[in-house]
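These notes are about the structure you will find just below.
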Amino acid sequence: MGHGGYVAGLLSCELQGAAQVTLRKPTPLDRTLVLRSDTSGGVQLLDGDVLVADAVPATLELSIPRPPTLAQATAAEAASPSHRGERGVHPTCFGCGKLREAGDGLRVFAGPCEVDGQRMVAAHWRPGEAFADAAGNVQKLHALAALDCAGAFAFIVDDVRAGLLGRIVLEQYRAVRADEDLIVTGWQIGREGRKLFAGTALFDAQGKLCAAAKATWFGFPSG
């Protein structure tokens, strides 16, 4: 199925400012889907008559912790769930799969670290020209897609099985260069039954905030 962050980024590109994207069905691959505007000022992604996902204008309310340095984020990758065993937890995922080649996947390998007593996951991300627009900036679609997996990894590093992205509110604040060193972070916000709430953010190497998201994940039963 389609990568949740990619689908959310795709729909968000149709709106101005922050967007709330709800993933209602797995996004099918290898067939044509329809993207259309709706009466609420948002957009819908349809597979025939089936609503796959929708996006509406939103306000992102999120307390964002200070990021680690670029060196700290790079060091955190060694303990990333992406590197568990020979294949990692999601080996072919567009966002965090280590079996995806550079330029074919985002390869954001977030691992555990701590800043000012705040536990989080973090990774160094250098997007590369495959994800650049004509001006050399990271395409908005891919900048927002990079905000996905780190939210799940904030739970997975604690052996909580965050599996399905249900809803995400995301916003990009400034463009970033595709040849720039960036920092991706993710942290736990809370839990409500099977619902797992996480924040994620994208920073430049100097720690300036570039984009952020607040996501609702559905955890798998343990055992």
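For the chain, adding -39500 (n - 2.57) for each run of n ≥ 4 DSSP H residues and dividing by the number of residues yields -3500 deg cm²/dmol at 222 nm. Cα centroids of the stretch 136-162 and the stretch 168-213: 8 Å apart.
The order of Lys25, Lys98, going from fewest to most other C-beta atoms within 10 Å of their C-beta, is Lys25, Lys98. If you take the alpha carbon atoms of the stretch 1-56 and fit the smallest convex hull around them, that volume is 71 Å³ per residue.
At q = 0.08 Å⁻¹ the log10 of I(q)/I(0) for the chain amounts to -0.25, computed by Debye summation with a single uniform scatterer per C-alpha, solvent ignored.
Other residues with beta-carbon under 9 Å from the beta-carbon of Trp125 carry, at +1 per Lys or Arg and -1 per Asp or Glu, a net charge of +1. Legend: distances between Cα atoms for Lys140/Lys195; Lys140/Lys208; Lys25/Lys140; pairs beyond 25 Å are Lys140/Lys195.
In order along the stretch 115-120, phi translates into HN-Hα couplings of 9, 6, x, 8, 6, 7 Hz, rounded to whole numbers, per the Karplus curve 6.51 cos²θ - 1.76 cosθ + 1.60 with θ = phi - 60° and x for Gly and Pro. Average projection, convex hull of the Cα set of the stretch 130-223: 6.5 square nanometres.
Read the figures in this text as sums done on the coordinates, not as results from a lab. The model shown is predicted, which means the values in this text are computed figures rather than measured ones. Note: ideal-geometry Cβ built from the backbone for every residue, glycine included; neighbour counts use all protein chains shown.
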